[in-house]
Amino acid sequence: MEIGSASGVMAGFFTQGRRWLNALRVKFKAKVADTARNIKKVGQDDPRRVIHSLKVGLALALVSIFYYYQPLYSNFGVTAMWAIMTVVVVFEFSVGATLGKGLNRGMATLLASALGVGAHHLANLSGHVGEPILLGSLVFLQAAISTFLRFFPKIKARYDYGLLIFILTFSLISISGFRDDEILELAHKRVLTIFVGGCACVIISIVVFPVWAGEDLHNLIALNIEKLGNFLEGFGDEYFKRTGDAGSKDDKKYLEGYKSVLNSKTGEESLANFAAWEPGHGRFQFRHPWKQYLKVGTLARECAYRIEALNGYLNADIQASSEVRSRIQEACTNMSIESGKALKELSLTIKKMGLQWLQSLMKWSNALKTLLNPSMNSLPKLNLRV
């Protein structure tokens, strides 16, 4: 009996083990399939992401020649690693972001290296005892001043990365020079390798399927205004139920599109900052006034906030009586449709921007201001009390 019970326990144990392994295999397959779908979705949402990944790999492969090619490695040695590090931290999705980071890193490295070498020679004049004291004081001063400058909004927006690199490079050059006499050669190799890595990033970013932040900002502003127009065009029919209640949720997605406009400020400011670094391209010439786009974007968000209030009436628990709704239905529906058409016309005008971009932008701004003004006071007042 004991042998039979023991064998039954073992059989049950192995059965549970097989079930657990089968369940684990099924979960693993489901996880792999879900990951594959997510990867495919990310690539399909924006195919430029796949191209950007390949561009980063190409840049790293090119700068790694410093290690693979013996004559180059003999000249630069382990400092060639700075070229690889530069590619990793500088290469961004858009040309403007890459160019901004590259220029920040290059200029900060050059300036910090020169000041670091100067600080080292100045410290040498103070003698063996005063050298570490002077170096420590200079490192403290530059780090404190550079860090404080990072709190200024305009400096932080465009030069924050450069200040970080300046602090890092000055500290490395000046401190390492205390133990290494070949500080000038160290600074020279560091600047040169960073220059090579930065140039590789910028050239590949511009030449190989470039992604322009200015063009993305241009399209984003037009798309946001189009979303607002789509909502206003359908709001009247949806509120008065002229199109019926049988519409599916997918058919009413246009009523939710405006919500992405509410949180678009950070993205617009980042794109405008990156676009300011970009050279002239296509319809966008050098020194294109990207700040005008930010003004239009701000007005579009103000319009989206008012649309958010309108959207609250669609599912409100307390609705106006049928008598009141019938009295205002035609006027409100026509006003909603015409406002939506006006915004969509603005969006189409932005997409087809011609050479007179400044005049067009100001016209768009004035038109949006007109739509945003509380013009309800100019309409005939209705006694809505029932």
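The values are calculated or read from the model by the stated rules, or taken from the named source; none is laboratory data. As the structure is a computational prediction, the values presented were derived from the model and not from experiment. Cβ atoms come from the backbone with ideal geometry, glycine included; neighbour counts cover every protein chain shown. Only protein heavy atoms, including side chains, enter the accessible area calculation; ligands, DNA and RNA are left aside. Shrake-Rupley method; radii C 1.70, N 1.55, O 1.52, S 1.80 Å.
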Just checking, does the range 96-108 include any residue being farther than 30 Å from VAL50 by Cβ and modelled with pLDDT of 85 or more? yes
Subset of the range 282-298 [surrounded by fewer than 19 Cβ atoms within 10 Å (Cβ to Cβ) and not charged (D, E, K, R)]: GLY282, GLN285, PHE286, PRO289, GLN292, LEU294, THR298
Only one residue in SER205, SER146, SER174 is open to solvent by less than 10 Å² (accessible area, probe 1.4 Å), assigned to a helix (DSSP H, G or I), in contact with a Gly (Cβ under 8 Å, 6 or more places away or on another chain) and not aromatic (Phe, Trp, Tyr). Which one? SER174
If we scan the range 18-34, do we find a residue that is within 30 Å of ALA213 (Cα to Cα) and either over 29 Å from the mean Cα position of the chain (by Cα) or of a type outside the set (Ser, Thr, Tyr) (or both)? no
Consider ILE84 carefully, then state whether it is more than 19 Å from LEU186 (Cβ to Cβ), of a type in the set (Val, Ile, Thr), in contact with a Ser or Thr (Cβ under 8 Å, 6 or more places away or on another chain) and at pLDDT below 90. no
Log entry, pairs with first residue in the range 27-44 being touching a residue at least 40 places away in the same chain (Cβ under 8 Å), second being hydrophobic (A, V, I, L, M, F, W, C) and in a helix (DSSP H, G or I), beta carbons closer than 7 Å, six or more apart or on different chains, reads none
Only residues in the range 304-323 that are closer than 13 Å to TYR258 by Cα count as the first member; pair them with residues that are open to solvent by less than 80 Å² (accessible area, probe 1.4 Å) and modelled with pLDDT of 70 or more, Cβ under 6 angstrom, at least 6 apart or cross-chain, and list the lot. ALA304/TYR258; ALA304/VAL261; ALA304/LEU262; ILE307/PHE231; ILE307/TYR258
Collect the residues in the range 299-323 that are open to solvent by 80 Å² or more (accessible area, probe 1.4 Å), of a type outside the set (S, T, N, Q) and part of a loop (DSSP other than H, G, I, E, B), keeping them in residue-number order. TYR313, ASP317, ILE318
Can you name every residue in the range 97-132 that is in contact (Cβ under 8 Å) with a residue 60 or more places away in the chain and either in contact with a strand residue (DSSP E or B) (Cβ under 9 Å, 6 or more places away or on another chain) or of a type in the set (Val, Ile, Thr) (or both)? THR98, THR109, VAL117
Matching residues in the range 60-79 - criterion: being open to solvent by less than 80 Å² (accessible area, probe 1.4 Å) and within 30 Å of the chain's Cα centre (by Cα): LEU60, ALA61, VAL63, SER64
May I ask you to list pairs of residues, at least six apart or on different chains, whose Cβ atoms are under 6 Å apart, with the first in the range 159-171 being of a type in the set (D, E, K, R) and the second being open to solvent by 30 Å² or more (accessible area, probe 1.4 Å)? ASP160/ARG150
So, in the range 262-280, of the ones that are part of a helix (DSSP H, G or I) and within 14 Å of VAL211 (Cβ to Cβ), which residue ends up least open to solvent (accessible area, probe 1.4 Å)? ALA275
Do any helices (runs of 4 or more DSSP H) entirely within the range 44-129 hold 3 or more residues that are among the charged types (D, E, K, R), and if so, which? 48-63
Would you check if ASP180 is touching a Leu at 6+ places or on another chain (Cβ under 7 Å) and modelled with pLDDT under 85? yes
